[in-house]
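Working notes, beginning with the structure itself.
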Amino acid sequence: MYLPAAFKQQDVQAQAELIRQYPLGLLISNGSEGFEANPIPFLVDVDADGQLTLRAHLSRGNAQWKSLAENGNCMVVFQGVEGYVSPSWYPSKQQNGGKTVPTWNYATVQVSGEAKIIDSPDWLLSLLKALTTQHEEGQREPWAVTDAPENFIAAQLKGIVGFELVARKVEGKWKLSQNRSAEDVNGVIDGLKDLQGDASPLAQAMVNANSDK
């Protein structure tokens with residue numbers, strides 16, 4: 001990934017938090033028939049040594065898991081907040097004779113390594129319970145795996161295959177106008193809020209990323 005120093009995010013906890021907030025990652029691998037890519041919801045863990053690990057599952061009918069069993073090298077791309085930035089939001093546009101162009105702000109994390117296929121019902125059940133707990137949190141009546149009949153869940157488990165990816169490389173890119181002046185940053189934040197309201201996630205991410213200005 002093209003990663004200018006101003007946009008580099010190396011904090012593994014910040015990277016993991018983006019994955020938790022935007023867990024639908026694009027799983028990319030290269031099989032015998034070429035590149036394959038599927039959007040998959042992931043769980044992320046970071047141990048005491050800062051090692052990031054992803055866990056997920058694929059439908060048994062999805063041939064990508066067979067490709068991963070032969071060649072586990074893969075990448076997962078997680079896309080966080082993102083949005084268009086208009087040149088009209090830069091106060092500097094009035095000062096430099098209009099020498100400004102549009103851009104796109106975003107936060108993203110790329111995780112690469114070698115996937116390990118796991119076909120254990122106990123492991124898969126644990127994964128599904130963890131995924132469900134994470135995504136049902138905040139529901140008025142949270143659903144749990146145990147709400148369904150045991151034999152039904154057992155049958156469902158036969159239709160999926162799990163995998164684990166211990167990250168070999170993790171890159172975080174927070175492209176949030178850190179290379180602009182404080183005035184231009186504030187102009188973009190105001191422009192985003194005009195469009196999206198004060199609760200704009202991208203505007204808030206820019207505030208956080210430029211707090212030292």
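The values are calculated or read from the model by the stated rules, or taken from the named source; none is laboratory data. From a predicted model like this one, the values you see are computed outputs, not experimental measurements. When we count neighbours, we look across all protein chains shown, and the Cβ atoms used for this are built from the backbone with ideal geometry, even at glycine. Accessible surface areas use protein heavy atoms only, side chains included; no ligands, DNA or RNA. Shrake-Rupley method; radii C 1.70, N 1.55, O 1.52, S 1.80 Å.
For segment 104-121, check the following and say yes or no: at least one residue is modelled with pLDDT of 95 or more, in a helix (DSSP H, G or I) and not charged (D, E, K, R). Scanning segment 104-121, I find at least one residue that is modelled with pLDDT of 95 or more, in a helix (DSSP H, G or I) and not charged (D, E, K, R), so the answer is yes. Being open to solvent by 30 Å² or more (accessible area, probe 1.4 Å) and either in a strand (DSSP E or B) or touching a Cys at 6+ places or on another chain (Cβ under 6 Å) (or both) is the requirement here; does ARG180 meet it? Judged against the criteria, ARG180 is not a match.
Just to check your reading of the model, which residue among ALA115, ALA56, ALA107 is touching a residue at least 60 places away in the same chain (Cβ under 8 Å), of a type in the set (A, V, I, L, M), surrounded by 14 or more Cβ atoms within 10 Å (Cβ to Cβ) and closer than 22 Å to TYR2 by Cα? Residue meeting the stated conditions: ALA107.
Restricting to segment 122-161, and then to whatever is among the small types (Gly, Ala, Ser), under 12 Å from HIS57 (Cβ atoms) and part of a helix (DSSP H, G or I), can you tell me which residue is most open to solvent (accessible area, probe 1.4 Å)? If you could, list the steps in order and put the result at the bottom.
First pass over segment 122-161, keeping only residues among the small types (Gly, Ala, Ser): 126, 130, 138, 144, 148, 154-155, 159.
Remaining after also requiring under 12 Å from HIS57 (Cβ atoms): 126, 130, 159.
After this cut, where a residue has to be part of a helix (DSSP H, G or I) as well, the list is 126, 130.
Numbers: SER126: 65, ALA130: 36 Å².
Selected residue: SER126.
Here segment 12-53 is the region considered, the condition is being of a type in the set (A, V, I, L, M, F, W, C) and in contact with a Cys (Cβ under 9 Å, 6 or more places away or on another chain), and the residue that is least open to solvent (accessible area, probe 1.4 Å) is LEU27.
Condition test on LYS93, is it touching a helix residue (DSSP H, G or I) at 6+ places or on another chain (Cβ under 8 Å) and surrounded by 12 or more Cβ atoms within 10 Å (Cβ to Cβ)? Yes: the conditions hold for LYS93. Screening ASN62 against (1) open to solvent by less than 40 Å² (accessible area, probe 1.4 Å); (2) within 24 Å of ALA154 (Cα to Cα); (3) free of Cβ contacts under 8 Å to residues at least 24 places away in the same chain leaves a single unmet condition, (3).
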